Amino acid sequence: MFRIGFGTDVHRLTGGRKLMIGGITVESDLGAEGHSDADVLMHAVTDALLGALALGDIGTHFPNTDDRWRGAGSSQFVRHALGLVLERGYEPVNVDSTIDLETPRLRPHIDLIRQRVAEALQLPVDSVSVKAKTGEKVDSVGDSKAIRAQAVILLMRKTAGGDL
Ligand code: MG
């Protein structure tokens, strides 16, 4: 039995903030605004995990009105969502994702980002795909006003356990 989940996220870019992507800090003049560490990729992966089992979304599990999550490292959102998935007898098979960011180019960071996402999902690195695109200088990403991420995740029912 398989389930598929999709997640997407966007954060405004601004000065004076760190740019966290997939659990690493990327050197940049502009960072991502947000209540937590504003890690778009971890947020998209969290939503994909929750979505695969129709468990709601990141906003219902980690409300931005809750001081517990102020400045929170977003890999903990992924770990929490993964726990909910495992409790229900499912485990991730693979994840595919894309980050949209005009600058800086992410290619030099992709392997480390893949490692961090793989660690959070307890997956081998070759089951984690992270792609990067620019915004071709159009729209909010292309104008360097925003960073966006999208993720798709496949879950498989484990042989034992689970009530879904
Ligand atoms: Mg977010």
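The values are calculated or read from the model by the stated rules, or taken from the named source; none is laboratory data. Nothing here was measured: the structure is a model prediction, and the numbers come from that model. For neighbour counting, all protein chains shown are included, and Cβ atoms are generated from backbone atoms with ideal geometry for every residue, glycine included.
Structure notes:
- Scanning the range 1-19 for residues that are buried (at least 21 other Cβ atoms within 10 Å of the Cβ) and in contact with a Ser or Thr (Cβ under 7 Å, 6 or more places away or on another chain) yields Gly7, Leu13, Leu19.
- Members of the range 55-80 found to be closer than 17 Å to Val117 by Cα and either loosely packed, with under 12 Cβ neighbours inside 10 Å or in contact with a strand residue (DSSP E or B) (Cβ under 9 Å, 6 or more places away or on another chain) (or both), listed by number: Ile58, Gly73, Ser74
- Residue check for Gly56: over 15 Å from the mean Cα position of the chain (by Cα) and at pLDDT 95 or above: yes
- Residues within the range 40-54 that are farther than 16 Å from Gly73 by Cβ, in a helix (DSSP H, G or I) and either without any contact (Cβ under 8 Å) to a residue 24 or more places away in the chain or within 9 Å of the ligand (Cβ to nearest atom) (or both), tallied: 1
- No other residue among Ser144, Ser129 is at positive phi and buried (at least 16 other Cβ atoms within 10 Å of the Cβ) apart from Ser144.
- Residues within the range 10-26 that are of a type in the set (Gly, Ala, Ser) and in a strand (DSSP E or B), tallied: 1
Residue by residue, here is whether (1) of a type outside the set (A, V, I, L, M, F, W, C); (2) farther than 15 Å from Ala120 by Cβ; (3) within 13 Å of the ligand (Cβ to nearest atom) holds:
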{"residue": "Gly56", "(1), (2), (3)": "yes, yes, no"}
{"residue": "Gly59", "(1), (2), (3)": "yes, yes, yes"}
{"residue": "Pro63", "(1), (2), (3)": "yes, yes, yes"}
{"residue": "Ser97", "(1), (2), (3)": "yes, no, no"}
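- Qualifying residue in the range 88-97 (condition: on the phi < 0 side of the Ramachandran plot, of a type in the set (A, V, I, L, M) and out of contact with any helix residue (DSSP H, G or I) (no Cβ under 6 Å at 6 or more places or on another chain)): yes
- Subset tally (residues that are within 15 Å of the ligand (Cβ to nearest atom) and within 21 Å of Gln115 (Cα to Cα)) for the range 7-31: 9
- Among the residues of the range 13-33, those that are within 25 Å of Asp111 (Cα to Cα) and without any contact (Cβ under 8 Å) to a residue 60 or more places away in the chain comprise Arg17, Lys18, Met20, Thr25, Asp29, Gly31, Glu33.
- Selection count, the range 37-71, where residues are under 20 Å from Gly5 (Cβ atoms) and of a type in the set (Ser, Thr, Tyr): 2
- Taken over the range 27-39, the criterion of being surrounded by fewer than 23 Cβ atoms within 10 Å (Cβ to Cβ), part of a strand (DSSP E or B) and under 18 Å from the mean Cα position of the chain (by Cα) is satisfied by Gly31 alone.
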